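*Asks:* Supplied in structure tokens, the structure appears directly below.
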Amino acid sequence: MKTIIICLIAVVVVACLYTVVHRILINRATIILRRQAQETTDAAVNDSLQTLLGWNRSLNSQLVADVWGKGVLAFEYHFDGDEKRDATLTPQSLNEQLAKYANDHQLTAVNTKFSVFKVTDWWQYEGVLHIDVAYILNEATAEYVADLKKLKQHSK
């Protein structure tokens with residue numbers, strides 16, 4: 001009887017250890033992917049804004065809230081000043097410039113029906129322009145972009 005109890009305890013301990021180690025490795029991989037995606041997206045957005053606005057600033061992004069799910073590679077940029085009033089800076093022009101950047105740097109999306117980068121949100125609050133850009137590198141981000149598209153269609 002003691003042998004059976006010891007075996008059961010050992011199985012439970014091994015299962016718990018496996019779960020903990022697996023979670024740590026998955027979380028670490030997610031963090032590495034997010035960091036690389038953020039660096040790539042920052043470079044693309046900064047290059048695109050430099051082309052569109054002729055400025056020499058460098059923006060750093062923040063991750064869009066995790067409410068959308070783990071692994072969503074969407075980043076927020078914000079800035080103020082006269083640049084936001086420039087007629088050359090629109091969601092469409094930024095999407096076009098991001099597509100050129102992706103093509104020039106041979107970046108690919110998870111699925112050919114998506115562009116590599118997509119401006120998912122654009123709003124101004126208290127004189128600050130906020131821009132959300134998704135890097136469609138994985139299925140979670142592709143689903144996020146598709147869901148936002150559905151939300152925009154239903155809100156019309």
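The values are calculated or read from the model by the stated rules, or taken from the named source; none is laboratory data. Everything numeric in this text was worked out from a predicted model, so none of it was measured. For neighbour counting, all protein chains shown are included, and Cβ atoms are generated from backbone atoms with ideal geometry for every residue, glycine included. Just the protein is used for accessible areas: all its heavy atoms, side chains included, with ligands, DNA and RNA removed. Shrake-Rupley method; radii C 1.70, N 1.55, O 1.52, S 1.80 Å.
Quick grid of which residues meet (1) at pLDDT 90 or above; (2) open to solvent by less than 30 Å² (accessible area, probe 1.4 Å); (3) within 21 Å of I32 (Cα to Cα):
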{"residue": "L49", "(1), (2), (3)": "yes, yes, no"}
{"residue": "S93", "(1), (2), (3)": "yes, yes, no"}
{"residue": "D104", "(1), (2), (3)": "yes, no, no"}
{"residue": "F117", "(1), (2), (3)": "yes, yes, yes"}
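*Asks:* Say we look at the range 1-41 and pick out the residues that are of a type in the set (S, T, Y) and in contact (Cβ under 8 Å) with a residue 40 or more places away in the chain; which of these is surrounded by the most Cβ atoms within 10 Å (Cβ to Cβ)? Can you show your working first?
*Replies:* Going residue by residue through the range 1-41, those that are of a type in the set (S, T, Y) are 3, 18-19, 30, 40-41.
If we keep only those that are in contact (Cβ under 8 Å) with a residue 40 or more places away in the chain too, we end up with 30, 40-41.
Values: T30: 14, T40: 19, T41: 23.
Taking the candidates together, the pick is T41.
*Asks:* Scan the range 57-91 residue by residue and report those that are at pLDDT below 80 and within 18 Å of the chain's Cα centre (by Cα). Steps first, answer last, please.
*Replies:* At the first step, the residues of the range 57-91 found to be at pLDDT below 80 are 65-70, 80-88.
Answer for the range 57-91, where residues must be at pLDDT below 80 and within 18 Å of the chain's Cα centre (by Cα): A65, D66, V67, W68, G69, K70.
*Asks:* Pull out all pairs, ordered by first then second residue, where Cβ-Cβ is under 8 Å, the residues are six or more apart or on different chains, the first lies in the range 127-151 and is farther than 16 Å from F114 by Cα and surrounded by fewer than 18 Cβ atoms within 10 Å (Cβ to Cβ), and the second is modelled with pLDDT of 90 or more and among the aromatic types (F, W, Y).
*Replies:* From the range 127-151, the pairs are L129/W122; H130/Y77; H130/W122.
*Asks:* Of the residues V64, V14, only one is over 21 Å from D104 (Cα atoms) and touching a Phe, Trp or Tyr at 6+ places or on another chain (Cβ under 9 Å); which? Let's see the steps before the verdict.
*Replies:* On the way: V14 fails: touching a Phe, Trp or Tyr at 6+ places or on another chain (Cβ under 9 Å).
That would be V64, the only listed residue that is over 21 Å from D104 (Cα atoms) and touching a Phe, Trp or Tyr at 6+ places or on another chain (Cβ under 9 Å).
*Asks:* Also, quick follow-up: Starting from the range 97-108, take each residue that is more than 12 Å from T41 (Cα to Cα) and list its partners that are surrounded by fewer than 18 Cβ atoms within 10 Å (Cβ to Cβ), counting only C-beta distances under 7 angstrom and pairs at least six apart or across chains.
*Replies:* If the second residue must be surrounded by fewer than 18 Cβ atoms within 10 Å (Cβ to Cβ), the pairs left are Q97/T51; Q97/L52.
*Asks:* While we're here: Kindly indicate which of Q97, Q124 is open to solvent by 40 Å² or more (accessible area, probe 1.4 Å), at pLDDT 85 or above and not acidic (D, E).
*Replies:* The unique qualifying residue is Q124.
*Asks:* Answer yes or no as to whether L53 is surrounded by 12 or more Cβ atoms within 10 Å (Cβ to Cβ) and either farther than 19 Å from V116 by Cα or modelled with pLDDT of 90 or more (or both). Spell out how you get there, then give the answer.
*Replies:* Values: surrounded by 12 or more Cβ atoms within 10 Å (Cβ to Cβ): yes; either farther than 19 Å from V116 by Cα or modelled with pLDDT of 90 or more (or both): yes.
Yes.
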